[in-house]
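The next block holds one structure in the form of C-alpha cells; read it before the comments.
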Amino acid sequence: MFDINPSFITALACANACDALDIVVACVACECATDADEAHAARELVRLQRALVIPLFARAHSRAKWKINVKNFIARAMNAKKTRKDALNDGHFLAHERSSASAQSRALALETTDALYYAIAGTSSAKDVLSDANYWMTSSATFAGDAASGARAGDARAHRGFISRADAIAIDASHARARGLGKRLVMCGHSLGGAVAALATVRLLSREPNARVRCVAFALPPIGNAALSALARDRGWCEKVFTSITLPEDRIATILKSRPGYCEFVPTRYILEDGRVVSRSDDSASGAEEKEAMNRAMKESAGLSKPRSAVYAHAMKTYRRRLVAALRRASPASFSDGVAHDDVPLTFIATRRHLGPSPTFIRAVGVLTRDGSRVAALVRGRDIDATTCSRFKATVNGWPCATSATVLSPDALLIIVTPPLLHGAPLPSDSVCSQTDETTWTPLTVGAAGDFSMEFIDVRVISRKVLEEYVASENLAVDSGKQAQARAGALDAMEIEALRSISEMAPPAIRSKM
C-alpha cells in the first residue's frame, strides 16, 4: 500500500489509498487520452503527474527524496523492470501507449508502479456522436444469467451504441497483460468513454468474477435499465469495482435519464464547486447539508439552454479542476495553486509498444493455395481474438499485399495473403510471388493489431508438396466445427490442422517426418 496522505482518502470519500489513487490517476489518463496531439498528450502526462499525483504521497514534501536517481532514469529509458520503491523515487508513471489513429475508441494505456490503466476518451468525433445517438436498448451475451443471478441478468438491457463500442474493447487481453505484469487493471473513461469502460468491465466480470479490475468513470451517463443496475448491486460491484464521479452542474451526463427505461448504473459521487464530495446515500447531518448544496447547484446550473456553458461543465478539464479543488480542500499546502511541486523534476515517461492490448505471435508457417494464387499463413500465439486482431498487414520482399484473415482459436490466426499489385495490375515478373515457386514468396511478413500496436512475424513458407505428404502420412481428426472454419479455395480443414502441427516443428523435423 502506498503512503498516501489520509486526508486525501477522506476528501474523495474513498475506502482506502488505492481507491483514491485510482481516481486521481484515472483523471490524468482520461484527459491525456482525449488529446489528439500525441506529443502534447505525452507532455501533459508528465506535467499532470507532477501536479496531481506526486502531492498525494505523504513524503512528497521532502525535496531530498525526489532527487533524480540517474540509475533509475536510465533503467526507465531502457524499459527495465524496477522495484516499487525505486519507481516512486523517479515518479509513479512508468510507460504509456496511445491507440492508433484508426481505433474506434481513442484510448491510452498507462502503466504505473502498481496498476495498468486503460483510459477511453469521450465524444470527440462524428462517429462518437452516432454511437451516443444510438440509444435504443439491447440485450447482450455479456449479461447472460447464471445460477447466482437468476433471471435478473437475462433482463438486463444496455445502450446499443455503448454496447457496440464495449464489445470492440480487448478487455480480456488487457486483463491478461496486467496480470502478467503482476498489477491491477483499472478501466477508466470520460462520458462516452466511461460508459464503454463500464460495460467492458461488466463483460470481464461476467466471465471472470474474481478478476482484479476496477473501473473509474467521469460524467458517466445512464448506460442501461434497472435490471443492469440491480445486477451490479447484487454482485457487490458497486462498492468494490465501480466509481462514478459527476459534477452537479453537468447536464449532458444526465440527458439519457429522460429516455424511458434508463437509470443510474451505480451510485454517483458529486464534486461541488468548493471541493466537497457528496453522495446521495449519505444520511448524516453534514451529508444532508451537502446534498442541499448539491441540489442547489443543479438548479442554478446553466442547463442545455446555454450550450457553451453545458459543454464547459461536461469537459474533462473541468472535472480535473474540480478534483484539484477537492484535494486542495484536504491539503491546501500541497495544492496551493493547482500546480504543485515545481521543484520536482519532470521525469521521463517511456512510450512502450504493446503496453495496450495486442496479440503475441510466436511462430508462423505458410503454404501456397491449391491454385497458387495466394499464400495461407497460419500464425500461432496468444491473445488472438476479434478485438486484438481487427487490422492486418503483409509484405512480400517489401511489397505491400492485400490480406484477409480468420481467427481460428485464441492461439491461432489464418491470414490469406494475395500477391502485390503495381498500378492495379500484377507485378510484371515471376521473381516475386510466382504461382509455382513458394521461394518467391519470401521474405513474407504478416502483422495484426486491434486498437494499439501491430504485432509482426516472419512466415516460414513451405512447399505445397510437403503439406500434402504430411496430410497423407498422418491420420488427422477434424471435427465439424473446424471443418466449418476452412476457407473455400484456400485450405481445407485437414490442411489447416496439418499446418497447426507443422508450425510446432523445426525445419529439420519436417524433413525427417517426410
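Site pair S309 and S100 shows an inter-label distance of 4.4 nm when each label is modelled 7 Å from Cα along Cα→Cβ. Couplings for region 235-245, taken from phi via the Karplus curve 6.51 cos²θ - 1.76 cosθ + 1.60 with θ = phi - 60°, read 8, x, 7, 4, 7, 8, 10, 9, 10, 10, 10 Hz in order; Gly and Pro are left as x. Report the Cα centroid-to-centroid distance between region 159-214 and region 223-243 in angstrom, as an integer. Each part reduced to its Cα centre gives a spacing of 14 Å.
Put in line by how crowded their Cβ is, counting other Cβ atoms within 10 Å and starting with the fewest, C14, C188, C401 read C14, C401, C188. Simple spin-label estimate for M505 and H354 gives 2.7 nm between the two label positions (7 Å along the Cα-to-Cβ direction from each Cα).
Neighbour counts of other C-beta atoms within 10 Å: give me Y470, Y135 arranged from fewest to most.
Numbers: Y470 20, Y135 17.
Ranking Y470, Y135 by Cβ neighbours within 10 Å, fewest first, gives Y135, Y470.
Quick one: if the Förster radius is 22 Å, what FRET efficiency do D3 and R47 give, using the C-beta to C-beta distance and rounding to 0.05?
0.45
Per-residue Karplus couplings for region 395-410, computed as 6.51 cos²θ - 1.76 cosθ + 1.60 with θ equal to phi - 60°, are listed in order as 9, 10, 6, x, 7, x, 10, 6, 9, 9, 8, 9, 7, 8, 6, x Hz, Gly and Pro entered as x.
None of the figures in this text is laboratory data; all of them are computed from the coordinates on show. The structure displayed is predicted, hence computed values, not measured ones. Reconstructed Cβ throughout: ideal geometry from the backbone, glycine too, with neighbour counts over all protein chains shown.
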